[in-house]
């Protein structure tokens, strides 16, 4: 278990790991006491892969899968936990249930 997790606009520190990014972080979630999942808030990113998962050892586990959506703007706008499951909500109005172990999309639904 980690002693601390600290994040600011462009970095996350935990254990002996420090992760730094060019774009600002907007949400950080601890999942299953072994993963740190976070979203990078960016208008400049050219694809929709803006959710990352790292293990407590500082090793990248996965990056959310890129999907093609009709309106073209499909970055994740929010991540959240509900009933022990990880969800991502995209700008295009699609909610996705994410497999925490590999980032695979288990289910998606248009809820806009």
Counting just the residues of region 32-47 that are touching a strand residue (DSSP E or B) at 6+ places or on another chain (Cβ under 8 Å) and outside any strand (DSSP E or B), which one comes out modelled with the highest pLDDT? 34
What residue, among those in region 76-108 that are in a loop (DSSP other than H, G, I, E, B) and out of contact with any strand residue (DSSP E or B) (no Cβ under 7 Å at 6 or more places or on another chain), is surrounded by the fewest Cβ atoms within 10 Å (Cβ to Cβ)? 83
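So, residue 69, is that one farther than 21 Å from residue 21 by Cβ, at pLDDT 90 or above and either touching a helix residue (DSSP H, G or I) at 6+ places or on another chain (Cβ under 6 Å) or surrounded by 11 or more Cβ atoms within 10 Å (Cβ to Cβ) (or both) or not? Steps first, please.
Details: farther than 21 Å from residue 21 by Cβ: yes; at pLDDT 90 or above: no; either touching a helix residue (DSSP H, G or I) at 6+ places or on another chain (Cβ under 6 Å) or surrounded by 11 or more Cβ atoms within 10 Å (Cβ to Cβ) (or both): yes.
No, not satisfied.
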Residues in region 80-93 that are at pLDDT 90 or above and on the phi < 0 side of the Ramachandran plot total 8
Residue that is farthest from the chain's Cα centre (by Cα) [pool: residues in region 12-31 that are surrounded by fewer than 13 Cβ atoms within 10 Å (Cβ to Cβ) and either assigned to a strand (DSSP E or B) or at pLDDT below 80 (or both)]: 18
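The values are calculated or read from the model by the stated rules, or taken from the named source; none is laboratory data. Keep in mind that what you see is a predicted model, and the values were worked out from it rather than measured. A quick note on method: Cβ atoms are made from the backbone with ideal geometry, for glycine too, and the neighbour counts reach across all protein chains shown.
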